[in-house]
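Submitted below is the structure of interest, expressed as structure tokens.
Please treat every number below as a calculation from the coordinates, not as lab data. Small disclaimer: the values here were computed from a predicted structure and weren't measured. Glycine also receives a Cβ, built like all others from the backbone with ideal geometry; neighbour counts cover every protein chain displayed.
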């Protein structure tokens, strides 16, 4: 399997990125990046997967039809991933969805094979939890639009999906994120969950110069031998079926964005990770230290009264 897919290598038809369980060689996680011209429309069948339509740039209308009825959601979107939190729409399995955009744009379709059919829903930008992780040059921002709710968080916390877990991570130029390296490729109840993961990258340019970064994935044990050291640029994808992943490094002067899509066979939808034993100590140094003052790059909009 090729784990690093440079921009264009995973393109098919209307999708600038089209990663499915069959193309990735695994069981659950999917990512498509749909590019629409002004006035463009695209229809897709959800099949056996649940999907979230997430604007990367531009706004759109999402219409979902199935045996239970018809739902339409107007997504305001955003001008780009470095400009603000976006709203989104959830499309259930076994539905047919149409994405249309008067102004055009790029839209991520994050997907996961699932068994439960949940209702189609709108996700307001104001409800997205914006979290700051790490300190110093390990600081990053996480937009938890479809994160799994933390254990004990209670009903109503997090955005409900059957299998899909998806977040956005923004790393200021010069910083390391996905650090310490961690993994989620073993079933250890209460400690670690099995999740396939997709990283999709974008970078902030500077005076016309495109940005770039680096992604590391290293083997985590016998039979888990994913090994990647890749220079990543706009539109690149890294597939992580297993292994220690991190750091994700943003070169100085260029902020880095990546979209994480995760799903797996676990009965419980949970993000349980194990830190690399050689680097786990770094978390203990964060206590009391300041977060990078450049963060947050932005916050979620205020909830309307």
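Where the centre of each part is set by its Cα atoms, how far does region 17-51 sit from region 276-304, in angstrom?
31
With N set to the residue count of region 1-123, report its C-alpha Rg divided by 2.2 N^0.38 Å to two decimal places.
Rg over 2.2 N^0.38 Å, computed on Cα atoms: 1.02.
Can you give me the relative contact order of region 188-305 as a percent, contacts being Cα pairs under 8 Å and 6 or more apart?
Computed value for region 188-305: 32 percent relative contact order.
May I pose another question? Considering the Cα positions of region 130-260, please state its Rg to one decimal place and its Dmax as a whole number of Å.
In order Rg, Dmax, the Cα atoms of region 130-260 give 15.3, 49 Å.
Largest first and in whole Å, what are the equivalent-ellipsoid semi-axes of the chain based on the Cα gyration tensor, each being the root of 5 times an eigenvalue?
28, 22, 20
Quick one: compute the contact order of region 4-284, relative version, from alpha carbon pairs under 8 angstrom and 6+ residues apart, as a percent.
Dividing the mean separation by the residue count of region 4-284 yields 19 percent.
For residue 127 and residue 268, what does the FRET efficiency come to when R0 = 22 Å and r is the distance between their Cβ atoms, rounded to the nearest 0.05?
Efficiency, rounded to the nearest 0.05: 0.45.
Now for a different question. What does the extension gain come out to for residue 118 and residue 294, with contour length at 0.36 nm per residue minus their alpha carbon separation?
Taking 0.36 nm per residue and subtracting the Cα distance, the gain is 59.6 nm.
Let me ask something additional. Relative contact order for region 86-188: what is it in percent, counting Cα pairs under 8 Å that are at least 6 residues apart?
Across region 86-188, relative contact order equals 25 percent.
Still on this structure, I have one more. Arranged by the count of other C-beta atoms within 10 angstrom, fewest first, what order do 226, 20, 299 take?
Fewest-to-most ranking of 226, 20, 299: 299, 20, 226.
Could I ask something else about it? Using a basic spin-label model with each label point 7 Å from the Cα along Cα→Cβ, how many nm lie between residue 283 and residue 188?
The answer from the label model is 1.2 nm.
Could you please rank 227, 71, 234, placing first whichever residue has the fewest other Cβ atoms within 10 Å of its Cβ?
The fewest-first ordering by Cβ neighbours comes to 227, 234, 71.
Turning to a different aspect of this structure: Please arrange 52, 198 by how many other C-beta atoms lie within 10 Å of their C-beta, fewest to most.
The fewest-first ordering by Cβ neighbours comes to 52, 198.
Translational diffusion coefficient, Stokes-Einstein: compute it for region 221-305 using the Kirkwood radius over C-alpha pairs as Rh, at 25 °C and 0.890 mPa s, and state it as an integer in µm² s⁻¹.
The Stokes-Einstein estimate is 144 µm²/s.
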